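What follows draws every value from the coordinates through simple rules; no lab data is involved. What you are looking at is a predicted structure, and each value in this text was computed from that prediction instead of being measured. All Cβ positions, glycine included, derive from the backbone under ideal geometry; neighbour counts span all protein chains shown.
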Amino acid sequence: MEKRINLDKVTRNYRMKKLGKGHNGTCYLTSDGRVYKQYHTQGIDDDITAMLLELQYEGFTFPEQLVIVDGILKGYLKKYEEGQTLDKLNYSKVKLVDFLKALRRFENQLRDFSYETNLDVYDLNLHNLIYTPDKRIVDIDTDPIAPFTYPVGNPHYENSKYLAESLNKIFMEGEFQSARLQQLQRECLVGGFIRPSTFISEAAEQMDKMATIDTIQDYNEGLVLLRK
């Protein structure tokens with residue numbers, strides 16, 4: 001597969017359906033079922049984007065081909081993953097046990113990526129993570145990945161902390177009666193030493209003594225029972 005596609009202009013085949021718009025660009029579904037991301041402005045760091053072309057890790061959708069128009073980087077093509085972003089999940093439908101399994105798998109993928117590349121995945125926001133129909137979690141916006149610009153002893157802990165900060169909005173927010181949960185929360189959010197799935201599992205176990213926990217919505221309602 002050619003890494004660079006040189007065009008006179010971006011044709012309609014690249015923009016069959018608008019998928020979403022973000023800070024850097026707009027994503028479209030192409031005629032061959034991939035994603036074309038077109039940048040809003042020129043001057044995007046094509047060295048970083050070109051670096052991402054060489055990365056292939058499960059759980060991440062990296063650029064596969066750069067789209068060049070008149071010598072200028074216009075955008076890129078990559079794989080399309082179907083699913084719902086974590087901020088728009090129907091929490092009453094998603095079973096917590098399935099989500100935890102998907103989260104642990106993604107945490108392992110993030111660990112492998114962190115150790116092997118030493119790259120900073122600093123935008124693991126809920127709207128960048130999707131839950132697929134086959135119950136996986138995938139990072140669909142890998143633009144915000146770059147070399148660390150400051151001394152980091154363990155990049156995995158830093159990236160795990162980013163993930164915890166995002167998931168905190170759903171699974172960890174608040175002050176809890178349990179000293180154990182308070183400790184896990186701090187170690188997730190401050191140091192990244194504990195995985196978010198560890199906190200969620202222990203919180204669900206404590207909730208289960210007071211209520212039936214089946215879905216993410218049940219878990220969210222159960223958090224109230226654990227807070228101060």
Filter on Lys135/Lys169; Lys78/Lys161; Lys88/Lys161; Lys37/Lys88; Lys79/Lys135 - keep pairs with C-alpha separation over 24 Å: Lys78/Lys161
Cα-based helix-to-principal-axis angle, 155-171 vs the chain, degrees rounded to 10: 70
Amide H contacts of Ile5 (H built 1.01 Å from N, under 5 Å, at least 5 apart or other chain): Leu66, Val67, Ile68
Separation of alpha-carbon centers, segment 165-198 and segment 137-155, rounded to whole Å: 21
Amide H partners (placed H, <5 Å) of Gly22, local residues excluded: Cys27
Burial ordering of His156, His40, His23, His127, fewest other beta-carbon atoms within 10 Å first: His23, His40, His127, His156
Mean separation of Cα contacts under 8 Å (6+ apart) over length of segment 148-228, as relative contact order %: 33
Residues whose placed amide H lies under 5 Å from that of Asp120, excluding near-sequence neighbours: Ala146, Phe148
Those GluC sites (Glu not before Pro) in segment 77-128 that DSSP places in a loop and that have at most 12 other beta carbons within 10 Å: Glu82
Helix axis angle, 196-207 relative to the chain longest principal axis, alpha carbon, degrees: 30
Cα gyration tensor category, rounded, prolate or oblate, for segment 4-79 with a/c compared to 1.5: rounded
Positive-end residue, the chain charge dipole about Cα centroid, Cβ charges, pick of Tyr122, Tyr76, Ala164: Tyr76
Sparse-neighbourhood loop sites, chymotrypsin sites (Phe, Trp or Tyr not before Pro) in segment 130-228 - DSSP loop, at most 16 other Cβ within 10 angstrom: Phe148, Phe193
Folded to 0 to 90 degrees: helix 216-226 orientation relative to the chain principal axis, Cα: 40
For segment 117-162: Kirkwood Rh in Å [reciprocal of mean 1/r, alpha carbons]: 11.6
Separation between Cα centres of segment 46-73 and segment 76-98, rounded to whole Å: 23
